[in-house]
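Only the coordinates and a few stated rules stand behind these numbers; no lab work does. Owing to the predicted nature of the structure, the values given are computational and were not obtained by experimental measurement. Cβ placement follows ideal geometry from the backbone for every residue including glycine, while neighbour counts extend to all protein chains displayed.
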Amino acid sequence: MNREEFRLLRDLVYEYCGIFFQDEVKYLLERRLNARLREHTLKSFNEYYRYLRYSPSRSRELEEIVELLTTNETYFFREEYQLKAFSEEILPEIVKQNKGSKRLRIWSAGCSTGEEAYTIAILLRETPELYDWDVEIFANDISRKVIQRARKGVYGRSSFRSIGDAFHAKYFRPQGEQYVVTDELRSLVSFGQLNLLDDEMLQLIGKVDVIFCRNVLIYFDRPARLRVLSTFYDKLNQRGYLLLGHSESLMNVSTDFELVHLKNDLVYRKPSAAGEGRLDQ
């Protein structure tokens, strides 16, 4: 792969989903995409670029590229301190705010194979105040394959490295050497394939109270992050919360959200006062 081929392929992936690859990862792109050239019996990356640009199957092939270039490693109750902040501090506030409508909507953006969404479902089921509420979790990922796995709700032992025995026994049933999610949890979660830069598909998502978007923004460059954060701002109800990964920050990126110092974690919140967006340009 020469520099021009790298630039063309990198920009095409970026145009599709906002993931940006710096020059120093050229070797990674080349190594992982070699298999796709063999799959389509193409002789060069230039031919592969033309295939991606003009083939009727380009969308499906771009999905395959995203599968190859992103990491989907996750597990139940990941970043437990943040989940504690969610269940002990954020949820009680939302329950108080929404007690009139008794309606709660949560968005797991970049849900991977579903462990995060089902973890949230467990925490909601363990909140007695929500028993008679209208509750829904929408979980999305750009990868069709991981969404299919999430819908099946079948997991191996590695996914349970941080879950307590009581929750494991209560919300999962053995299936051979694996475990399957109970219908009680499935009923709370709706999974869908979604590109966070696809404005048309994003219209399907209504207002939400909390957005989990952990370890997703790290794949984007600044302009793509701004687009995604603008979407999050629009979708959140006033005083709604945005929960990012522990290594992610909005410092020098956005001033739309206020940083909230909770007892268990630092999180972001959409201010209660309506006004113009203040995303740094």
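Between residue 44 and residue 198, the FRET efficiency from the beta-carbon distance, with R0 = 35 Å, is close to 0.70.
Under 17 Å from a label point set 7 Å out along the Cα-to-Cβ vector of residue 22, the amide N atoms of the range 235-251 belong to 247-249. Each peptide in 79-89, 1-11, 33-43, 132-142 gets a packing score, the mean of other Cβ atoms within 10 Å over its residues, and the list from highest to lowest is 132-142, 79-89, 1-11, 33-43.
Note on residue 11 and residue 30: the extension gain reaches 5.4 nm, defined as 0.36 nm multiplied by sequence separation minus the Cα-Cα distance. Projecting the Cα positions of 9, 117, 37 onto the charge dipole of the chain (unit charges on Cβ atoms of Lys, Arg, Asp and Glu, taken about the Cα centre) puts 37 furthest along the positive direction. Calculated on the Cα set of the range 191-267, radius of gyration then Dmax: 12.4, 38 Å. The distance linking the range 58-110 with the range 203-257 is 11 Å (Cα centroid to Cα centroid, whole angstrom).
The mean sequence separation of alpha-carbon pairs under 8 Å and at least six residues apart, normalised by the residue count of the range 80-269, gives a relative contact order of 23 percent. Label reach from residue 101 (point 7 Å along Cα→C-beta): in the range 108-135, amide nitrogens under 20 Å belong to 108-109, 121, 124-125, 129-135.
So what is the relative contact order for the range 15-167, in percent, with contacts set as C-alpha pairs under 8 Å and at least six apart? Computed value for the range 15-167: 25 percent relative contact order. Based on the convex hull around the alpha carbon atoms, the range 1-146 presents an average projected area of 11.1 nm². Could you tell me which of rounded, prolate or oblate describes the chain, using a ≥ b ≥ c as the square roots of the eigenvalues of the alpha-carbon gyration tensor, with rounded for a/c under 1.5 and, failing that, prolate when a/b is larger than b/c and oblate otherwise? Note, shape of the chain comes out oblate.
Projected label points at residue 59 and residue 186, each 7 Å from Cα along the beta carbon direction, are separated by 2.7 nanometres. For the range 3-69, the convex hull spanned by the alpha carbon atoms encloses 77 Å³ per residue. If I take all pairs of Cα atoms in the range 124-281, what percentage of them are more than 29 Å from each other? So the portion of pairs separated by more than 29 Å is 27 percent.
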